[in-house]
1. Quick check: residue separation of R2 and A114 times 0.36 nm, minus the Cα distance between them. What number comes out in nm?
2. Treat the chain as a sphere of radius equal to its Kirkwood radius over Cα pairs and apply Stokes-Einstein at 25 °C in a medium of 0.890 mPa s; give the translational diffusion coefficient in µm²/s, rounded to a whole number.
3. Rank these for me by crowding, I49, I3, I97, going from fewest to most other beta carbons within 10 Å.
4. Given only helices, namely DSSP H runs of n ≥ 4 each adding -39500 (n - 2.57), what is the per-residue ellipticity at 222 nm of the chain, to the nearest 500 deg cm²/dmol?
5. Please state the charge dipole magnitude for region 4-133, taken about the Cα centre, from unit charges on C-beta atoms (+1 on K and R, -1 on D and E), reported in debye and rounded to the nearest 20.
6. At 7 Å along the Cα-to-beta-carbon direction for both A71 and R9, put a label point, then send me their distance in nm to one decimal.
Amino acid sequence: MRIGELAQRAGTSTRTLRYYESRGLLSARRAVNGYREYDEDDLRLVREIRGLLDFGFGLEETRPFVECLRAGHDAGDACPASLEVYRRKLAELDSCIARLEGVREQLRHQLATADSARSVPEPRCELTPHPGL
């Protein structure tokens, strides 16, 4: 298949596919007329890359998954290097979640402090007549 068909079937653009190729994640074969040619394996690679990008992985983080598929494995995460990327990504997410939980607790504290200060009635200034006036 040509680059346009691959882009359409993978749900991406030809520009993106050329970029993947420039980064070494995808490699096209050239027909005698110079057109890029791809096959079902290439479609599988692009779908793997796109799926990982949708999960928030960086493009370079997809490389071990692509290499795993190129090595003939049924899944991109069947190799130790891919599993290590999963572990690293989970650690990043855990750190981010912990940081967000800390911010949430600070906000809860600020809200409680502000809310309790607001609910304390303000002292009234009542004027009582002075007996000599």
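1. On the way: separation 112, 0.36 × 112 = 40.32 nm, distance 6.25 nm.
Length gained, R2 through A114: 34.1 nm.
2. Estimated diffusion coefficient is 127 µm²/s.
3. Working: I49 27, I3 20, I97 10.
With the sparsest Cβ surroundings first, the list reads I97, I3, I49.
4. -20000 deg cm²/dmol
5. On the way: 20 positive and 22 negative charges, 72 e Å.
Here the size comes out at about 340 debye.
6. With each label placed 7 Å out from Cα toward Cβ, I get 2.6 nm.
Read the figures in this text as sums done on the coordinates, not as results from a lab. If you're wondering where the values come from, they're calculated on a predicted model, not measured in any experiment. Cβ coordinates were reconstructed from backbone atoms using ideal geometry, including for glycine residues, and neighbour counts include every protein chain displayed.
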